[in-house]
Amino acid sequence: MESMTCPRCGVEMDERTHGEATVSSCPEGHGVFLARADLGMLVEAENDWHRNAGQHTAPLPRITADMTAPPAAGKVSRAWVETLFS
């Protein structure tokens, strides 16, 4: 497979595998790119992480047009998907 370049700066993207999903990210911090199927796998992995993390976290909700922002919370729980940006 041919490597991707960042559409903003033209630098070759770093490719990492998370489970079965492949994520390409710009080393200059311009973005993260992945296939739609890979996004679905990452969402499922995130939901599994929350499901098994205990009562202090909840699975991600389905996004609907009538949703409003949740109330501000005191402490924000760390999530598995955070590893994409570290």
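Laboratory data are not the source of any read-out in this text; all were calculated from the coordinates shown. Computed from a predicted model, the values in this text were never measured in an experiment. All Cβ positions, even for glycine, are placed from backbone atoms using ideal geometry, and neighbour counts span all protein chains on display.
Couple of notes before you dig in:
- Long-range HN-HN contacts of MET13 with modeled amide H, under 5 Å: MET4, THR5, CYS6
- Over all other residues within a Cβ to Cβ distance under 12 Å of GLU12, the charged ones net out to -4, with Lys and Arg as +1 and Asp and Glu as -1.
- ASN52 paired with THR68, simple spin-label distance in nm, labels 7 Å along Cα-to-beta-carbon: 3.6 nm
- Added length on full extension, which subtracts the Cα-Cα distance from 0.36 nm per residue, LEU39 to LEU60: 6.2 nm
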